[in-house]
Amino acid sequence: MKVLKFGGTSVGYASRMKDVARLINDGQEKIVVLSAMSGTTNTLVEIADYLHKRNIHAASETINALQQKYRTHVDELYDTDACREQAWEIITGVFDQIRSLAKDMFTLYEEKIILAQGEIISTNMFNIYLHEQGINSVLLPALDFVRTDKDAEPDMDYIKENLRRVMAEHGKADIYVTQGYICRNIYNEIDNLQRGGSDYTASLVGAAIGAEEVQIWTDIDGLHNNDPRVVEHTFPVRRLNFDEAAELAYFGAKILHPTCVQPAKSANIPVRLLNTMEPDAPGTLISNDTERGKIKAVAVKDDITAIKIKSSRMLLAYGFLRKIFEIFESYHTSIDVVCTSEVSVSMSVDNTKNLDEIVSDLKKYGNVEVDTNLCTVCVVGDMNYDNVGFEARIVDAMRNIPVRMISYGGSRYNMTFLIKAEDKVRALQSLNEKLFNIA
Ligand code: ADP
Ligand code: ASP
Ligand code: MG
């Protein structure tokens, strides 16, 4: 059985939902994981922000406007009034619940319930549409089988056992529809797998059922060799191995959520990235196979901060790095790139929530300098250290860019540069020209 995940843009309008229904209706049994219709989760975040700030008026206007949008979607999606009514009743229930949560004390608990509603609406609308088209589908509530553990990590054993149970309870169907992104946590509260987390759900579900393949359907024909939002003339990469895909996702290739690779890799299930608007395009296949000696793609991650600590008391004695890293750990801040010299260490982070506290703690061990407005540019491919020459090619492409840090050797799959945000476009264009021969 295959698992197919359709992102927000793939189900963003009634017409798109109809396209998806046609695309999946091929007589093969499958699980379909859906995101919220595009824009909905952003609007739900906005509503929650207003409610945290007790701006009830703005929240209520935003809730009304969002509900109104769904009125149009429902009118356009169905052929029959019976289905329109069935869907509208569910949607009205959802919006009534959001309004009732807006009345009292508003905490993270209520916020997470609100954020879950986009996927609850889209899957219900879609499932009703499939029934209207005479397709034998059932809706499997993700909240009944996706759960995180005490470390807020997905509980794979629970997911496996309960997905099987929920499927058995709902009886045989051709198409099983479920929600991406949403889950329950260890306290049985509604929670989520972080923004963009529907990809993660698809991979977890794929691993749980030992799927033949996980397909991530989106608005572009696979993972491109460079960020299509930043540079022109990018092209789809046909094959990646799991580690290359994980590096690219982690370092900014938005097409794939960074957490999505691991469950599929562990279960050795290939992941295919496909385009809903161009279903026959081959897309990108992610598997265990490596194309030897090939540089595959470049990704960029914005809003990066570099922190340098120059040891005041000692050269880099043993125990120094541990002390430094423990400070980051105590503030739940992960470090992306590390470079060391004899007396100093530079590190990059993207989470600056506790930067002031971190800097103040680091000052115990030396002089601290902070550089903001940076980005990491990550070049990915088979860069095993006995392949010679790739470092020279990559560094040559960066010859006119001021570089704050370079990292290679952490894995055999990437070389990463920390540069100023203002040099991002120039760097990506130059890498496109020099590594992929695209002007
Ligand atoms: P979905 O809503 O389907 O989850 P996303 O917006 O999360 O879609 O991901 C698809 C987008 O990722 C593309 O529209 C593209 O702009 C962006 N993207 C960033 N880097 C890459 C890349 N290297 N290859 C393909 N798409 C990328
Ligand atoms: N709807 C969620 C979001 O917008 C999850 C997803 O689309 O993957 O982040
Ligand atoms: Mg996405």
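All of the numbers you see were taken from the coordinates with simple rules; none came from a lab. Just so it is clear, the model here is predicted, and its values are computed rather than measured. We place every Cβ from the backbone using ideal geometry, glycine too, and count neighbours over all the protein chains shown.
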### Query
Which ³J(HN,Hα) values, rounded to whole Hz and listed in residue order, are derived for the range 38-44 from phi using the Karplus coefficients 6.51, -1.76 and 1.60 in 6.51 cos²θ - 1.76 cosθ + 1.60 with θ = phi - 60°, glycine and proline given as x?
4, x, 5, 5, 4, 5, 5
### Task
With a ≥ b ≥ c taken as the square roots of the eigenvalues of the C-alpha gyration tensor of the range 112-163, please select rounded if a/c is under 1.5 and otherwise prolate if a/b is larger than b/c or oblate if it is not?
oblate
### Task
Can you tell me the dipole magnitude for the chain around its Cα centre, using point charges on the Cβ only (Lys, Arg +1; Asp, Glu -1), in Debye to the nearest 20?
980
## Note on the structure
Between the alpha carbon centres of the range 47-105 and the range 147-190 the gap in Å comes to 25
## Note on the structure
Scoring the range 330-439 by relative contact order with C-alpha pairs under 8 Å, at least six apart, yields a percentage of 25
### Task
Convert each backbone phi in the range 346-356 into a coupling constant with the Karplus relation 6.51 cos²θ - 1.76 cosθ + 1.60 (shift: θ = phi - 60°), then list the ³J(HN,Hα) values in order as whole Hz, x for Gly and Pro.
10, 9, 10, 9, 10, 9, 10, 4, 10, 4, 4
### Query
Taking the alpha-carbon centroid of each part, what is the distance from the range 290-357 to the range 388-439 in angstrom?
19
#### Entry: Ranked packing of 26-33, 161-168, most packed first, by mean Cβ within 10 Å
26-33, 161-168
### Message
Through the Karplus equation 6.51 cos²θ - 1.76 cosθ + 1.60, θ set to phi - 60°, convert the phi angles of the range 285-294 into ³J(HN,Hα) values in whole Hz; use x for Gly and Pro.
### Response
9, 10, 8, 7, 6, 10, 8, 4, x, 9
### Task
With r as the distance between the Cβ atoms of GLN68 and ASN384 and R0 = 60 Å, compute the FRET efficiency 1/(1 + (r/R0)^6) and round to 0.05.
0.60
### Message
Modelling each spin label as a point 7 Å along the Cα-to-Cβ direction, I'd like the GLU61/ASP396 distance in nm, to one decimal.
### Response
5.8
### Query
In this model, which of LYS296/LYS424; LYS254/LYS424; LYS2/LYS265; LYS5/LYS254 are farther than 23 Å apart at the alpha-carbon?
none
### Query
For the chain, what is the percent of antiparallel DSSP beta bridges, rounded to the nearest 5?
60
### Positive-pole candidate from SER334, GLY319, ASN351, dipole of the range 293-439, charges at beta carbon
GLY319
### Message
Over the range 22-179, how many pairs of lysines fall under 23 Å by alpha carbon, counting only those 8 or more apart in sequence or from different chains?
### Response
10
### Prolate/oblate/rounded label for the range 84-203 (Cα gyration tensor, a/c 1.5)
oblate
## Note on the structure
Simple SL model, points at 7 angstrom along Cα→Cβ for ARG195 and SER330; separation in nm is 3.0
### Query
Can you tell which of MET398, SER411, PHE436 lies farthest toward the positive end of the dipole of the range 381-439, using +1 and -1 charges on the Cβ of basic and acidic side chains (Lys, Arg; Asp, Glu)?
MET398
### Task
Pop a pseudo-label 7 angstrom from the Cα along the beta-carbon direction at both SER411 and ASN25 and give the gap in nm to one decimal.
4.1
### Query
If Lys and Arg each add +1 and Asp and Glu each add -1, what is the summed charge of the other residues whose beta carbon sits under 14 Å from the beta carbon of ASP19?
-2
### Message
Can you tell me how the range 21-78 classifies by the Cα gyration tensor, rounded, prolate or oblate, using a/c under 1.5 as the rounded cut?
### Response
oblate
### Message
Using +1 at the C-beta of Lys and Arg and -1 at the C-beta of Asp and Glu, which of TRP88, MET105, ILE120 has the Cα lying farthest in the positive direction of the dipole of the range 68-125?
### Response
MET105
#### Entry: Normalised contact order of the range 126-270, rounded percent, pairs of Cα under 8 Å and 6 or more residues apart
20
### Message
Suppose the chain between GLU422 and HIS131 were pulled fully straight at 0.36 nm per residue; how much longer would it get relative to their current alpha carbon spacing?
### Response
99.6 nm
### Message
So for each of 410-417, 348-355 I average, over its residues, the number of other beta carbons within 10 Å; can you give me the resulting order with the highest mean first?
### Response
410-417, 348-355
